[in-house]
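Undergrad: Dropping the structure in here first, questions after.
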Amino acid sequence: MTSATKTQERLARLAEICLALPEASRLDQGDHASFLVRTKVFAYYLDNHHGDEIVSVCCKALPGDNQRLIEANPRKFYLPAYIGPRGWVGVRLDLLTIDWTEVKEIVRGSYELSAPKKLLALL
């Protein structure tokens, strides 16, 4: 399987997770994709963002959680450029194995930080 095929499969799996959430939508932007709830982004799919050679999903995290995740497993988590200092965390999707249950949990947490209360009641 080629790297491009793996990347597309991982984006498809991520999209399935994100779009299962109430009123979630996807906006493709070249090699990247944004996942929104109404007008707020809750996840970014990034492929070689600014030449970093990383394929990942970036999500909002509670204050300090992004640093704790990175410190606990710097191979899997990283501080994404620009948005990391504002509380976002990157989860690498270019590793040999991906814990999709963990990805789903992190995406859902980000969604919960972004969605209106009426939509949270639907979860």
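Undergrad: Can you tell me which residue in the range 21-40 is least open to solvent (accessible area, probe 1.4 Å), limited to those that are within 17 Å of Leu123 (Cβ to Cβ) and of a type in the set (A, V, I, L, M)? Working first, answer last.
TA: Of all residues in the range 21-40, those within 17 Å of Leu123 (Cβ to Cβ) come to 21-25, 35-38, 40.
Of the ones still in play, those that are also of a type in the set (A, V, I, L, M) are 21, 24, 36-37.
On the way: Leu21: 21, Ala24: 23, Leu36: 27, Val37: 2 Å².
Among those that are within 17 Å of Leu123 (Cβ to Cβ) and of a type in the set (A, V, I, L, M), it is Val37.
Undergrad: Sticking with this one: Take Tyr78 and decide whether it is touching a helix residue (DSSP H, G or I) at 6+ places or on another chain (Cβ under 7 Å) and either of a type in the set (Asp, Glu) or surrounded by 13 or more Cβ atoms within 10 Å (Cβ to Cβ) (or both).
TA: Yes, satisfied.
Undergrad: For residues in the range 10-20 being over 14 Å from Tyr111 (Cβ atoms) and touching a residue at least 12 places away in the same chain (Cβ under 8 Å), which is most open to solvent (accessible area, probe 1.4 Å)?
TA: Only one residue fits best here, namely Arg13.
Undergrad: What helices (runs of 4 or more DSSP H) lie completely within the range 15-123 and have 1 or more residues being modelled with pLDDT of 95 or more, under 16 Å from the mean Cα position of the chain (by Cα) and more than 19 Å from Ala4 (Cβ to Cβ)?
TA: So the answer is 65-72, 100-114.
Undergrad: Looking at the range 52-68, which of the residues that are of a type in the set (A, V, I, L, M, F, W, C) and open to solvent by less than 50 Å² (accessible area, probe 1.4 Å) is farthest from Leu93 (Cα to Cα)?
TA: Kept after step one, since they are of a type in the set (A, V, I, L, M, F, W, C), are these residues of the range 52-68: 54-55, 57-59, 61-62.
Applying the additional criterion that residues be open to solvent by less than 50 Å² (accessible area, probe 1.4 Å) yields 54-55, 57-59, 61.
On the way: Ile54: 8, Val55: 5, Val57: 7, Cys58: 10, Cys59: 13, Ala61: 18 Å.
For the range 52-68, the residue satisfying everything is Ala61.
Undergrad: Taking the criterion of being touching a Phe, Trp or Tyr at 6+ places or on another chain (Cβ under 6 Å), of a type outside the set (A, V, I, L, M, F, W, C), closer than 24 Å to Leu120 by Cα and open to solvent by less than 80 Å² (accessible area, probe 1.4 Å), would at least one residue in the range 86-95 satisfy it?
TA: Yes, because at least one residue in the range 86-95 is touching a Phe, Trp or Tyr at 6+ places or on another chain (Cβ under 6 Å), of a type outside the set (A, V, I, L, M, F, W, C), closer than 24 Å to Leu120 by Cα and open to solvent by less than 80 Å² (accessible area, probe 1.4 Å).
Undergrad: In the range 54-69, which residues are farther than 16 Å from Tyr82 by Cβ and in contact with a helix residue (DSSP H, G or I) (Cβ under 9 Å, 6 or more places away or on another chain)?
TA: Val55, Leu62, Asp65, Leu69
Undergrad: So Ile106 passes all but one of these: (1) open to solvent by less than 50 Å² (accessible area, probe 1.4 Å); (2) touching a Lys or Arg at 6+ places or on another chain (Cβ under 9 Å). Which condition number does it fail?
TA: The number of the failed condition is (2).
Undergrad: Still on this model: Test Thr7 against the criterion of being open to solvent by less than 80 Å² (accessible area, probe 1.4 Å), at negative phi and either among the polar types (S, T, N, Q) or in a loop (DSSP other than H, G, I, E, B) (or both), and give yes or no.
TA: So Thr7 fits the description; yes.
Undergrad: Follow-up. Just for the range 41-51: of the residues that are touching a residue at least 12 places away in the same chain (Cβ under 8 Å) and not hydrophobic (A, V, I, L, M, F, W, C), which one is most open to solvent (accessible area, probe 1.4 Å)?
TA: If we filter the range 41-51 for residues that are touching a residue at least 12 places away in the same chain (Cβ under 8 Å), which is where we start, we get 41-50.
Remaining after also requiring not hydrophobic (A, V, I, L, M, F, W, C): 44-45, 47-50.
Values: Tyr44: 62, Tyr45: 4, Asp47: 40, Asn48: 71, His49: 45, His50: 134 Å².
Filtering first and then ranking leaves His50.
The values are calculated or read from the model by the stated rules, or taken from the named source; none is laboratory data. On a predicted model such as this, the values are computed, not experimentally measured, just so you know. Counting neighbours? That spans all protein chains shown, and the Cβs are built from the backbone with ideal geometry, glycine included. With ligands, DNA and RNA removed, areas are computed over all heavy atoms of the protein, side chains included. Shrake-Rupley method; radii C 1.70, N 1.55, O 1.52, S 1.80 Å.
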